[in-house]
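First comes the structure, then the notes that go with it.
Coordinate-derived values only; no laboratory data. All figures in this text were calculated on a predicted structure; none of them were measured in a lab.
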């Protein structure tokens, strides 16, 4: 009997170790899920080129409202899909008077390179560089919006180059928190090389922060977004019944209303 139990424990331990090794080796593929298809730009989109500090040439899309924009939003996406899937969000913000630059990170949407923590932040810097020199952008009215892992990206950028306002959709304090929620039996903090420490970055930014989360999020548990809001003293808006990838968190009226209100309040004193 004891020998049988020992063999079972040995087999379970071996399977666990194999799983740990697989997670360590293939973590990049588990974290970043790019759609590498190079999408065709719609007629209302301006195609722009971004050059990163490490020499990559990235394609991004810019969508502007008919009138002078209230703000210009740099939108950093989550870890899946490509820029075509964010066009509805950009158009919804255009309807509220905001211009939007849809950042497409390295490795996504036909762009060269492989996604990484440092690389995604470098891509965001290149996007901010582009906005800073555009004649139709007022630098004091540049805002950042990040989705999920993109929230960590714009939080990092905000600590270096503060925006007028920051919007974090479904953020987490750091990526390991998401991993531990999904895989509580794995030593995630030890394994993970891609930290994306959103809350740590936010310590370097003292501007207005809005956190929006779905209260039915199973990918980034809502409690993690609440923790980001608490630690950053941010405004928190929870969308009832919304999951991580539901339309309510891309184009839902409550989401767009919250973002629009936050951005307008941030630049109200600029006239």
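Couple of notes before you dig in:
- For segment 32-270, the ratio of Cα radius of gyration to the globular rule of thumb 2.2 N^0.38 Å stands at 0.93.
- Each Cα pair under 8 Å and six or more residues apart adds its sequence gap; the mean of these over the residue count of segment 32-270 is a relative contact order of 17 percent.
- Overall form of segment 139-271 per C-alpha gyration tensor (a/c, 1.5; a/b vs b/c): oblate
- Once the chain from residue 49 to residue 66 is taken as fully extended at 0.36 nm per residue, the excess over their C-alpha distance is 3.9 nm.
- Antiparallel DSSP beta bridges within segment 32-270, as percent of all bridges there, nearest 5: 25
- P(r) for segment 45-113, from all Cα pairs and a bin width of 5 Å, is 4, 18, 27, 23, 15, 9, 3, 0 %, short bins first.
- Counting only the Cα atoms, segment 123-166 fills a convex hull of 62 Å³ per residue.
- Scaled against the 2.2 N^0.38 Å expected of a compact globular protein of N residues, the Cα radius of gyration of segment 189-234 reads 1.27.
- Percentage relative contact order, segment 129-271, counting C-alpha pairs under 8 Å, at least six apart: 22
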